[in-house]
Amino acid sequence: MAVDVARPEISPPRTGASRRTGLIVLGGLAAIAVVVRVADPERVAWLQNFLIVFGSLLVEATPFILLGAFVSAAIEVFVPTSAFAHLGRLPRLLQLPAAALAGIAFPVCECGSVPVARRLARKGLMPSAAVTFMLAAPILNPVVVASTFVAYRGRDTLWVMVLGRMALGFLVAVAVGWVVGNTRKEDLLKPRPDEDDLDAEVGSDEPRWPRFVSHLSGDFFFMGRFLVMGAAIAAAVQTFVPQTIVSSVANLPVLSLLAMMGLAFLMSLCSESDAFVAASFTSFGPAAQLAFLVSGPMIDLKLGALYAGTYSKGFVRTVTVTVVAVTLVGTLWLQVVFG
């Protein structure tokens, strides 16, 4: 696969987009602070619950957005395009599994993997391989494997949950990459004027560290606004949807799997901590808990917002249908084996 190393001719950089994005995010948070001050959430139970969930999602996910932006900027500035040539020359059958396994080396969660995958695709990696990495990294990275081990230690299903999550996550990620197929990066990635402006700054005389900081801030603020949007939606759903609706289907063979996937979608947890939540649903079997742990880091409310802002129209639908279908088939098989 040939890797394009040419840089387009673009007008002088415009850095206003990143600043405007930062101001919008900060303004929204300031408005929320004013509402909290006026409403006194301790007197309104639903408002207090909403703010707790919204704040916890932001606190939990923001460091990983920053980590993902850091890795993304490092790839853009310090890693030469030729470094992806060897992976780009691999046959598709090998490129997708190799991209999934690369997630082991990157300790980023689902929020952080989105900007990294975008940067990899722009640097010349086949878009389907970048998407495969994006979905596999939040499940296969060592931090998540360790947290899953700790959450289930002492239980008979320990290795079923740890190894089952890794294996099924790997298969689902590769399946999505296969469905994405040979889509070109121009058709998959949404254009970002601020990103093109940053690319235009690349030159032999341009210092690396200023470019690194520019890419870091651009990616962080771009992804941050979608995180705020997704966290607000997730907090609203968790506040107003009764959790008893989900627990009532725990003993139903197929519906229990779909219910746990739906719950993971609504709760929008970080993959580094979701195993502790899944382990608390003791009324559900290991197959249903695996459905929660595999689908959650790939499709949830906050990721839906991030995907919509990063990828072209139809990508969210493609990922959702493929993840649900493959996860359902895999966990159904496990449900037959383990009950």
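The values are calculated or read from the model by the stated rules, or taken from the named source; none is laboratory data. What you see is a predicted model; the values in this text were computed from it and never measured. Every residue, glycine as well, gets a Cβ built from its backbone with ideal geometry; the counts of neighbours run over all protein chains shown.
Of all residues in the stretch 91-103, none that is touching a residue at least 24 places away in the same chain (Cβ under 8 Å) has its Cβ atom under 6 Å from the Cβ atom of a residue that is surrounded by 14 or more Cβ atoms within 10 Å (Cβ to Cβ) and of a type in the set (D, E, K, R), 6 or more apart or on another chain. The residue that is modelled with the highest pLDDT, counting only those in the stretch 30-73 that are over 28 Å from Val213 (Cβ atoms) and charged (D, E, K, R), is Arg37. Given the condition free of Cβ contacts under 8 Å to residues at least 24 places away in the same chain and part of a loop (DSSP other than H, G, I, E, B), answer yes or no: does some residue in the stretch 279-294 qualify? Within the stretch 279-294, one or more residues are free of Cβ contacts under 8 Å to residues at least 24 places away in the same chain and part of a loop (DSSP other than H, G, I, E, B). Glu76 passes every criterion in (1) modelled with pLDDT of 75 or more; (2) touching a His at 6+ places or on another chain (Cβ under 9 Å) apart from (1).
If you go through the stretch 244-273 and pick out every residue that is assigned to a helix (DSSP H, G or I) and in contact with a helix residue (DSSP H, G or I) (Cβ under 6 Å, 6 or more places away or on another chain), you end up with 9. Of all residues in the stretch 156-178, exactly one satisfies the criterion of being outside any helix (DSSP H, G or I) and either among the small types (Gly, Ala, Ser) or in contact (Cβ under 8 Å) with a residue 60 or more places away in the chain (or both), namely Thr157.
This table checks each residue for (1) small (Gly, Ala, Ser); (2) in contact with a helix residue (DSSP H, G or I) (Cβ under 7 Å, 6 or more places away or on another chain); (3) modelled with pLDDT of 85 or more; (4) over 16 Å from Phe292 (Cα atoms).
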| site | (1), (2), (3), (4) |
| --- | --- |
| Ser147 | yes, yes, yes, no |
| Val174 | no, yes, yes, yes |
| Gly177 | yes, yes, yes, yes |
| Pro191 | no, no, no, yes |
| Ala200 | yes, no, no, yes |
| Glu206 | no, no, no, yes |
| Gly218 | yes, yes, no, yes |
| Pro242 | no, no, no, yes |
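Picking from residues in the stretch 114-141 that are within 16 Å of Leu293 (Cβ to Cβ) and of a type outside the set (A, V, I, L, M, F, W, C), the one that is surrounded by the most Cβ atoms within 10 Å (Cβ to Cβ) is Pro138. The set of residues from the stretch 101-144 being part of a helix (DSSP H, G or I), charged (D, E, K, R) and over 19 Å from Gly224 (Cβ atoms) comprises just one member, Arg122.
For the stretch 284-294, the criterion of being under 26 Å from Arg122 (Cα atoms), among the β-branched types (Val, Ile, Thr) and modelled with pLDDT of 85 or more is satisfied by no residue at all.
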